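What follows is a short report on a single structure.
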Amino acid sequence: MPCAVNKEASQLFPQSPPLPPLLDWKRNPDELQLQASDPSVMASVLSFYLSYLLLLTLQFNWHPVLMVSGLLLLYGNGAVLYRVPLTWGQNKLPWKLLHAGLMLLALIFSIVGLCAVFDFHNKNKTPNLYSLHSWIGIAATALFALQWVFGAGVFLLPCAPPSLRGLLKPLHVWMGGGILGLSVAACISDLPSEAVLGNSLGVLIVAFGLVVMRILSNQNWQRPDSRPEDLVYTPLLQEENE
């Protein structure tokens, strides 16, 4: 069994420490005791197994860290960026680029987080997409990717006339809220049950989602049209007001 575990660990983590010499149980008991008591041998064995467990744990832990950071925190803050009164009455271009940049960073975090868990499952021969949590997470990430491409093509690049942007803006906002709802559902659906830390984290996630949804649904916090000329179509990298 130790040989099989060591061989599998070396295949999974080629950068891990070299395999320590295993104890030969067929040797004379006195020699075996001497080998087992050798500090260098025991330190090598302990270092290998600790490195194996640490790498395995860290790889999986990247999934929740990146998914929560991307699909929830970065996404939520990017969604309410236009609702901050500080952005009103100013050139919209910097805030539009910041909005697109935050969303792109959130999407990258989400994709890397998914790659981490898929790679972890494949290496450990665990089935993928077997739970409701995974289905919701995949749906949220896929819709998020489509939303970003759609938003960049319509609202950022000079491809769509103002009438089309005005028509699609409510759909863009509605889809953004729906993706946030899916993200919250995915995050809380895989938290450890009956644990103070897990329950507390779930409450914070739901509270954050409700606050963002409340800000998005408040009509008084929408960015006002500052000047009539802002409604005229202008090319990319010039101020516009949708």
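What follows is calculated from the coordinates using simple rules that are stated; it is not laboratory data. Worth saying up front: this structure is predicted, and the values here are computed from it rather than measured. Cβ placement follows ideal geometry from the backbone for every residue including glycine, while neighbour counts extend to all protein chains displayed.
Some points to look at:
- Modelled this way, with points 7 Å down the Cα-to-C-beta line, the labels at SER131 and LEU97 are 4.1 nm from one another.
- Computed packing ranks the peptides 137-146, 64-73 as 64-73, 137-146, most packed first, by mean other Cβ atoms within 10 Å.
- Per-q log10 I(q)/I(0), region 60-231, q = 0.14 Å⁻¹ (Debye; single scatterer per alpha-carbon; no solvent): -0.78
- Taking each residue as 0.36 nm, the span from ALA142 to ILE215 lengthens on full extension beyond its C-alpha to C-alpha distance by 23.9 nm.
- On the beta carbon distance between ASP119 and VAL173, with R0 = 35 Å, the FRET formula returns roughly 0.50.
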